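To start, the structure itself, in structure tokens.
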Amino acid sequence: MARMCGIVGYVGSQSALDVVVEGLARLEYRGYDSAGTAVSADGKLTVTKRAGKLANLREALAGTLPPGGADDSPGEDGTPGRSGIGHTRWATHGAPNDRNAHPHTDCTGAVAVVHNGIIENFATLRLELERRGHDLSSDTDTEAVAHLLEEELAKGVGLADAMRRVCVRLDGAFTLVAVYSGEPDLVVGARRNSPLVVGVGEGENFLASDVSAFIAHTRDAIELGQDQVVELRPTGVRVTEFDGTPAAVTEYHVDWDVSAAEKGGHDYFMLKEIAEQPTAVADTLLGRIGADGRLSLDEMRLTDDELRDIDKIIIVACGTAYHAGMIAKYAIEHWTQLPCEVELASEFRYRDPILTRSTLVIAISQSGETMDTLMAVRHAREQRASVLGICNVNGSTIPRECDGVLYTHAGPEIAVASTKAFLTQLVAVYLIALYLAQVRGTKWGDEVFAMVQLLGTMPQKVEQVLETIEPVRELARSLAGERCVLFLGRHVGFPVALEGALKLKELAYMHAEGFAAGELKHGPIALIEQGLPVVVIVPSRARPILHDKIVSNIQEIRARGARTIVIAEEGDEAVVPYADTLIRVPAVPTLLQPLVATVPLQVFACELATAKGHDVDQPRNLAKSVTVE
Ligand code: M6R
């Protein structure tokens, strides 16, 4: 089974293998446990696959890696076929070895399939296939599809019909892409609850889990709907429902180009994405502030009347996006006086949340494909709540299933650790909160205007943090030998502390915890020992009640031996005596402080992980899009 994964398909006059491998390189962030390709040429398929990162597959294709797999198909590696498919895998079940790597083939080697998702009735299907004499050689659910296609093809239908017939027999979530040696000019894809987009070229067409795989070739794309099959030929694209009825398609033009999906001189995508944050923040504000200073978010597809009727907001999200949601709660409740709950999307539908027609559920997701968040969206809609998505990937599943959407304009985020997406999610929630305040009249127009103006200055403030970041890098390198780092914050600084700890965990594989500073003395302070690095996010002095309390907290931990690393705004002298290391950020309003205070923590984690020799773009055990619950 392979549940997140990157998938590529190509048909056209270029070398299918080259196009597919290049596409896989752009999708490797989605999973990097194994990779494989199948190319159709001269009436036969050539399948090559290897455990490990794409580099292993490349070596195998170049003939420099000895056969390690159980089922390398015969054929000339590197054959410039007309059609091909490829896969980069994030394994959940079944070891990430050569045998379980995709593509999977049928008994005859004529059909090859790649798959993202899970086929829930695969055990039954497998048993049936084995009873009918098929020999299944892997532990995957995917292989069953190859054999089912084989049976349908044997009845004399083409690959597209075979795919439609097979799909209706599958339970679960899946993207499937297949090639068949008998139809070398055809690639067939199918989609249910798992991402797949079509790239439309001239005399060539593409399929991929996301557009970055083919953006070097075309920026014209087609969204595929649920339960649809797509037939890709050099001459065109045909989309049908599973029952064969022609489907209406939505075409769109991708508004970023290939340079946005490349490292641009940086060693890692993460470094590039951190550096892009001022632009990403500016782009997310762009076009949303009218000449009169009023916010205009018509694109959200929710009317002002609908927004006036809301009496409660619930935010659902995972990981970093959840931290953005936690910060949103402070802004929403302060500016709109609407009660706001924040819930981990994975927990949401299991606790009988109280939802009515006047509840607004906001789902935050960079990828728009996170399964936990998607299931929370579906649950909320079943309960008749309105659902608004905050997403970065145009045309992804979550925004398509929401009543309304506000897109963040961060551009493609490739590194597994979320950085620029987080900052733009914050901008989006600030915009939504201020828009609600404007529409519902909970803030005076001039107050909304003043805050919007301040938001407009944030790209420069983020830039300022980046320009003065070198000491943070040095600090991170000096702490590479530590086993544990704690993070403390209050108010919006608490989610920032959680985010700092998450970054360090996922990149540096270190024990890192974020705490609400006030909670420390209720237990966690026992963790403090001599020399333990503790990062403290100090709120703006504009809220003395918060600020002074955290200064006391710093003194408490320092008295117990902690090495204090203090992030405080410029001009805050009260913290100086208690900071072993002081990191300055620009002074901004309290609610906006996460936009500047998070940046040093991203750089800290990235640099520390690099000093430990880790691949920060592809941390172990992780994948960018978590399309499994
Ligand atoms: O695509 P999403 O925003 O829905 O992803 C949610 C989380 O999986 C994601 O933020 C994850 O926590 C990041 N790796 C954190 O850096």
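Read-outs throughout are calculated quantities, based only on the coordinates presented, and are distinct from any laboratory measurement. All values reported here derive from a predicted model rather than from experimental measurement. Because the Cβ atoms are built from the backbone with ideal geometry, glycine has one as well, and the counts that use them run over all protein chains shown.
Distance between Cα centroids, the range 144-184 to the range 7-30: provide it in whole Å.
If you average the Cα positions of each part, the centres end up 21 Å apart.
Given a Förster distance of 51 Å, report the FRET efficiency between ILE545 and ASP171 from their Cβ-Cβ distance, rounded to the nearest 0.05. Don't skip to the answer; put the middle values down first.
On the way: r = 55 Å, r/R0 = 1.08.
So, using R0 = 51 Å, E works out to roughly 0.40.
Given a cut-off of under 8 Å on Cα pairs at least six residues apart, what relative contact order in percent is computed for the chain?
Reported relative contact order: 12 percent.
From the Cα gyration tensor of the range 274-456, with a ≥ b ≥ c the square roots of its eigenvalues, which class applies: rounded if a/c is under 1.5, or else prolate if a/b is larger than b/c, or else oblate?
On the way: a/c = 1.70, a/b = 1.09, b/c = 1.56.
Oblate shape, in that a/c is at least 1.5 and b/c is the bigger or equal ratio.
Take every Cα pair under 8 Å in the range 410-526 that's 6+ residues apart, average their separations, divide by the length, and report that relative contact order as a whole percent. Walk me through the numbers before you get to the answer.
On the way: 80 pairs, mean separation 20.7, N = 117.
Value for the range 410-526: 18 percent.
Can you put TYR435, TYR10, TYR509 in order of Cβ neighbours within 10 angstrom, beginning with the fewest?
Ascending number of Cβ neighbours within 10 Å: TYR509, TYR435, TYR10.
So if I place +1 on the C-beta of Lys and Arg and -1 on the C-beta of Asp and Glu, and nothing else carries charge, what would the dipole magnitude of the range 464-532 be about its Cα centre? I want it in debye, nearest 20. Could the numbers behind the result be given before it?
Details: 7 positive and 9 negative charges, 24 e Å.
Charge dipole of the range 464-532: 120 debye, to the nearest 20.
What residues qualify as long-range amide H neighbours of CYS484, i.e. H under 5 Å apart, gap of 5 or more or another chain, H built at 1.01 Å from N?
Under 5 Å from the amide H of CYS484 lies no amide H from a residue far enough along the sequence or on another chain.
Could I have the simple spin-label model distance between ASP292 and ASP352, label points 7 Å from Cα toward Cβ, reported in nm to one decimal?
For ASP292 paired with ASP352, the spin-label model returns 4.7 nm.
Explain nothing, just the number: dipole magnitude of the chain about its Cα centre with +1 on each Lys and Arg Cβ and -1 on each Asp and Glu Cβ, in debye rounded to the nearest 20. Don't skip to the answer; put the middle values down first.
Details: 59 positive and 85 negative charges, 266 e Å.
Charge dipole, the chain, about its Cα centre: 1280 debye, nearest 20.
Net charge near ALA587, counting Lys/Arg +1 and Asp/Glu -1 over other residues with Cβ under 13 Å of its Cβ? Don't jump to the answer; show the numbers that get you there.
Working: positive: LYS461, ARG541, ARG543, ARG584; negative: GLU569, GLU570, ASP572, GLU573.
Neighbourhood net charge equals 0.
For the range 464-611, treating each Cα as an identical point scatterer without solvent, what Debye log10 I(q)/I(0) comes out at q = 0.10, 0.12, 0.14, 0.17 1/Å?
Taking Cα atoms of the range 464-611 as identical point scatterers yields -0.28, -0.41, -0.57, -0.87.
Calculate one ³J(HN,Hα) per residue across the range 582-588 by plugging θ = phi - 60° into the Karplus curve 6.51 cos²θ - 1.76 cosθ + 1.60, and present them in order as whole Hz with x for glycine and proline.
In residue order, the calculated couplings are 10, 10, 8, 10, x, 6, 9 Hz.
Taking the Cα-to-Cβ direction at ASP255 and at LEU582 and moving 7 Å from each Cα, how far apart do the two end points lie in nm?
Between ASP255 and LEU582, the label points sit 4.2 nm apart.
Sort 28-36, 218-226, 587-595, 125-133 by the packing proxy (mean of other Cβ within 10 Å over each peptide's residues), most packed first. Walk me through the numbers before you get to the answer.
On the way: 28-36: 26.8, 218-226: 18.3, 587-595: 22.0, 125-133: 14.1.
Top of the packing list down: 28-36, 587-595, 218-226, 125-133.
Using only Cα atoms, locate the centre of the range 466-488 and the centre of the range 371-424, then give the distance between them in Å, rounded to an integer.
32
Direction-averaged shadow area of the convex hull around the Cα atoms of the range 125-246, nm²? Each step should come with its number before you reach the end.
Values: hull surface 31.7 nm².
Projected area, direction-averaged: 7.9 nm².
Mind giving me the nanometre distance, one decimal, between the label points for TYR509 and GLU629, set 7 Å out from Cα along Cα→Cβ?
It works out to 3.1 nm between the two label points.
Among bridges DSSP assigns within the chain, what percent are antiparallel (round to 5)? Working shown, then result.
Details: 68 of 108 bridges.
Within the chain, antiparallel bridges account for around 65 percent of the total.
Work out, in µm²/s and without decimals, the Stokes-Einstein translational diffusion coefficient of the chain at 37 °C, 0.692 mPa s, Rh from Kirkwood over C-alpha pairs.
Working: Rh = 25.5 Å.
In µm²/s, the coefficient rounds to 129.
Determine which lysines satisfy two conditions relative to LYS420: a Cα distance under 28 Å, and not lying fewer than 8 residues away in the same chain.
Answer for LYS420, where 28 Å is the Cα cut-off: LYS53, LYS263, LYS272, LYS329, LYS461, LYS503, LYS505, LYS612, LYS624, listed by chain and number.
For the charge dipole of the range 274-456, defined by +1 on Lys and Arg C-beta atoms and -1 on Asp and Glu C-beta atoms about the Cα centroid, which residue among LEU338, ALA437, MET451 has the Cα displaced farthest towards the positive pole?
Toward the positive end, the furthest listed residue is LEU338.
Going by how many other beta carbons lie within 10 Å of each one, how would you line up PHE122, PHE494, fewest first? Walk me through the numbers before you get to the answer.
On the way: PHE122 20, PHE494 24.
Ranked by crowding around the Cβ, least crowded first: PHE122, PHE494.
List LEU502, LEU608 from most exposed to least, where exposure is judged by having the fewest other Cβ atoms within 10 Å.
Values: LEU502 22, LEU608 27.
So the residues, fewest neighbours to most, are LEU502, LEU608.
List the relative contact order of the range 274-456 as a percent without decimals, with contacts defined as Cα pairs under 8 Å and 6+ residues apart.
Over the range 274-456, the number comes to 29 percent.
For a protection proxy built on the mean count of beta-carbon atoms within 10 angstrom, sort 201-207, 313-319 highest first, please. Don't skip to the answer; put the middle values down first.
Details: 201-207: 21.3, 313-319: 25.7.
So the peptides 201-207, 313-319, ranked by packing, come out 313-319, 201-207.
Per residue of the range 147-157, in order, report the coupling 6.51 cos²θ - 1.76 cosθ + 1.60 (Karplus, θ = phi - 60°) as ³J(HN,Hα) in whole Hz, putting x for Gly and Pro.
My calculation for the range 147-157 gives 6, 5, 4, 4, 5, 5, 4, 5, 7, x, 8 Hz in order.
Report the gain in length on full extension from THR235 to CYS484: 0.36 nm times residue separation, minus Cα-Cα distance, nm rounded to one decimal.
Extra length available between THR235 and CYS484 comes to 83.9 nm.
Can you give me the long-range amide H partners of LYS312? Hydrogens built in the peptide plane at 1.01 Å from N, cutoff under 5 Å, separation of 5 or more residues or another chain.
LEU360
Based on the Kirkwood radius over alpha-carbon pairs, what is the Stokes-Einstein translational diffusion coefficient of the range 6-263 at 10 °C with 1.306 mPa s viscosity, in µm²/s?
Numbers: Rh = 17.6 Å.
Here the translational diffusion coefficient equals 90 µm²/s.
Can you give the extra length, in nm with one decimal, that the chain gains between SER552 and ALA95 once fully stretched, where that is 0.36 nm per residue apart less the Cα-Cα distance? Can you show the working numbers first?
On the way: separation 457, 0.36 × 457 = 164.52 nm, distance 5.04 nm.
The SER552-ALA95 span can extend by a further 159.5 nm.
List residues of the range 336-368, by number, whose backbone nitrogen lies under 12 Å from a label position 7 Å along Cα→C-beta of ARG384.
355-359
At a Förster radius of 60 Å, what calculated FRET efficiency corresponds to the Cβ-Cβ distance of LYS53 and ARG308, to the nearest 0.05?
Numbers: r = 52 Å, r/R0 = 0.86.
Calculated transfer efficiency: 0.70.
Expressed in nm to one decimal, what extension gain is obtained for the pair GLU299 and THR124 from 0.36 nm per residue of sequence separation less their Cα-Cα distance? If you can, show how the numbers build up before the last one.
Working: separation 175, 0.36 × 175 = 63.00 nm, distance 4.56 nm.
So the chain would gain 58.4 nm between GLU299 and THR124.
If you take every residue apart from GLY561 with its C-beta less than 12 Å away from the C-beta of GLY561, what net charge results, scoring Lys and Arg +1 and Asp and Glu -1? Walk me through the numbers on the way to the answer.
On the way: positive: ARG558, ARG560, ARG563; negative: GLU529, GLU556, ASP580.
Net of charged neighbours comes to 0.
Which Cα, out of GLY404, LEU148, VAL187, lies furthest along the positive dipole direction of the chain (beta carbon charges, K/R +1, D/E -1)?
GLY404
Hey, with R₀ at 60 Å, roughly what FRET efficiency would GLU470 and GLN337 work out to, going by the Cβ-Cβ distance, to 0.05?
Working: r = 43 Å, r/R0 = 0.71.
The computed FRET efficiency comes out at 0.90.
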